[in-house]
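See below for the structure under consideration.
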Amino acid sequence: VQLQASGGGLVQAGGSLGLSCRTSGNVFSIGVMGWYRQAAGAQRELVARIYSSGDTNYADFVKGRFIISREDAKNTVNLQMNSLKPEDTAVYFCMVVIRSQTYWGQGTLVTVSS
């Protein structure tokens, strides 16, 4: 199972950016899909996750600004990030859970300039 994330980059504060992550390989039914992030010198933290039911969880610091979605036919999870702040600067990692096993993408850098 491989996860390929795309969409990171540099954006000004207040701007928007979209991330996408596609899962490939020996993929069966994907359960939870999500995004985490890790800023320099900090621990990795949950940003948002979406269950196969469509239910979602968001970290408080992104509620109302970020939207997570999934396209099961494409084994893809997306993260639309709006009203970005400099403190959103981090490496963003996608993850999926397949048969109780967690898989991670390689990370994509998001830099928000003030």
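Relative contact order of the chain, taken over Cα pairs closer than 8 Å and 6 or more residues apart, is 37 percent. Expressed as a whole percent, the accessible surface of the chain that belongs to carbon and sulfur atoms is 47, based on a 1.4 Å probe. The stretch between S6 and F61 holds 17.6 nm of extra length on full extension. This uses 0.36 nm per residue minus the Cα-Cα distance.
Set the Förster radius R0 to 22 Å, insert the Cβ-Cβ distance between T102 and Q38 as r into 1/(1 + (r/R0)^6), and round the FRET efficiency to 0.05. Write out the running numbers ahead of the final one.
Working: r = 16 Å, r/R0 = 0.71.
The formula returns an efficiency of 0.90 here.
Ranking F61, F93, F28 from most to least accessible surface, computed with a 1.4 Å probe over the protein chains only, gives F28, F61, F93. A probe of 1.4 angstrom, applied to the heavy atoms of all protein chains, finds I67 with accessible area near 90 square angstrom.
Considering only protein heavy atoms, with the full assembly of protein chains and a 1.4 angstrom probe, order K85, K74 by accessible area, largest first.
Details: K85 85, K74 105 Å².
In descending accessible area the options line up as K74, K85.
With a 1.4 Å probe rolled over the protein heavy atoms of all chains, the accessible area of R37, R99 falls in the order R99, R37, largest first. Only Cα pairs under 8 Å and 6+ residues apart enter the sum, and on that basis the relative contact order of segment 63-114 stands at 30 percent. Solvent-accessible area per residue in the chain equals 52 Å², computed with a 1.4 angstrom probe and all protein chains kept. Convex hull volume of the Cα atoms of the chain, normalised per residue: 92 Å³.
The values are calculated or read from the model by the stated rules, or taken from the named source; none is laboratory data. None of these values were measured; they are calculated from a predicted model. Here the Cβ is made from the backbone with ideal geometry for all residues, glycine too, and neighbour counts use every protein chain on show. In case anyone asks, the SASA skips ligands and DNA or RNA and just uses the protein heavy atoms, side chains included. Shrake-Rupley method; radii C 1.70, N 1.55, O 1.52, S 1.80 Å.
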